[in-house]
1. Can you list residues whose amide H is under 5 Å from Ala167's amide H, if they're 5+ apart or on another chain and H is modeled 1.01 Å from N?
2. Scan region 123-187 for chymotrypsin sites (Phe, Trp or Tyr not before Pro) in coil per DSSP, keeping those whose Cβ has at most 16 other Cβ atoms within 10 Å, and list them by number.
3. Applying the Karplus parametrisation 6.51 cos²θ - 1.76 cosθ + 1.60 with θ = phi - 60° to the phi angles of region 123-134, what ³J(HN,Hα) value in whole Hz is obtained for each residue in order, glycine and proline being reported as x?
4. Let me see the P(r) profile for region 87-181: every Cα-Cα distance counted, bins of 10 Å, each bin given as a percent of all pairs.
5. Skipping prolines and chain starts, which residues have an amide H placed within reach, meaning under 5 Å, of the one on Ile16, given they are 5 or more residues away or on another chain?
6. What list of ³J(HN,Hα) values in whole Hz, one per residue of region 140-149 in order, does the Karplus curve 6.51 cos²θ - 1.76 cosθ + 1.60 (θ = phi - 60°) give from phi, with Gly and Pro shown as x?
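Read-outs: derived from the displayed coordinates by stated rules, not from any lab. Predicted, not measured: the structure shown is a model, and the values here were computed from it. Positions of Cβ are backbone-derived with ideal geometry, glycine not excepted, and every protein chain shown enters the neighbour counts.
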Amino acid sequence: MSFKVGDKVAVLDDIIEGVVIEVHTHKIIVETSDGFPFDFLPNELVIIGESQRELSKFSDISNENLLEKINHTAKRRNTPKFKTANKADKLPPMEVDLHIHNLTTSTRGMDNYDMLNLQISEAKYKLEFAIKNRIPKIVFIHGRGAGVLKLELEFLFKNYHVKWYEASFQKYGLGATEVYIYQNPKG
């Protein structure tokens with residue numbers, strides 16, 4: 001596609017419209033309606049006759065680059081993103097809140113080392129309880145803090161046959177780790 005100064009263009013991957021102010025071999029400089037110049041590769045732009053807001057997926061689109069982009073996006077949407085859930089995935093995970101105020105009535109006389117040891121021993125006890133009782137998932141709520149407890153938990157998990165990852169942000173925020181326990185099926 002060849003561009004010339006004065007062409008009204010839109011960016012394929014963003015909601016930016018503007019007018020071509022300079023054309024070079026491998027870059028097109030576009031000035032937005034706000035007066036800001038931006039550099040783009042030629043394959044990132046399309047010439048438009050209407051405002052980008054007026055285009056819809058039902059309009060008659062004849063631009064090859066735009067059609068290719070729409071078809072590529074549609075193909076991506078149709079592919080399944082997640083595997084089908086099995087019975088273990090449907091069970092709610094066991095939750096263990098490791099905040100110190102949930103583990104002891106008073107922290108008087110305890111330093112940070114003592115509190116961390118109490119939290120880790122509680123996590124180890126709950127993890128072993130889950131393994132013994134064949135509970136497939138457990139969520140440790142550790143809070144954000146400085147990350148010391150999270151690192152110690154990861155060190156603990158390395159001693160077991162488990163996989164761990166960040167728990168659901170929507171449900172727990174940033175301060176939780178979900179652990180999946182690999183177990184042999186009951187035989």
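1. Close amide H contacts, sequence-distant or interchain: Ala176, Thr177, Glu178.
2. Numbers: sites: Tyr125, Phe129, Phe140, Phe155, Phe157, Tyr160, Trp164, Tyr165, Phe169, Tyr172, Tyr180, Tyr182; in loops: Tyr160, Tyr182.
When the chymotrypsin sites (Phe, Trp or Tyr not before Pro) of region 123-187 are filtered for loop state and at most 16 Cβ neighbours within 10 Å, Tyr160, Tyr182 remain.
3. Ordered by residue, 3J(HN,Hα) equals 4, 5, 4, 5, 5, 5, 4, 5, 5, 4, 9, 6 Hz.
4. With a bin width of 10 Å, the distribution comes to 15, 51, 28, 5, 0.
5. Val11
6. For region 140-149, the Karplus-derived couplings read 9, 8, 10, x, 7, x, 8, x, 5, 4 Hz, x marking Gly and Pro.
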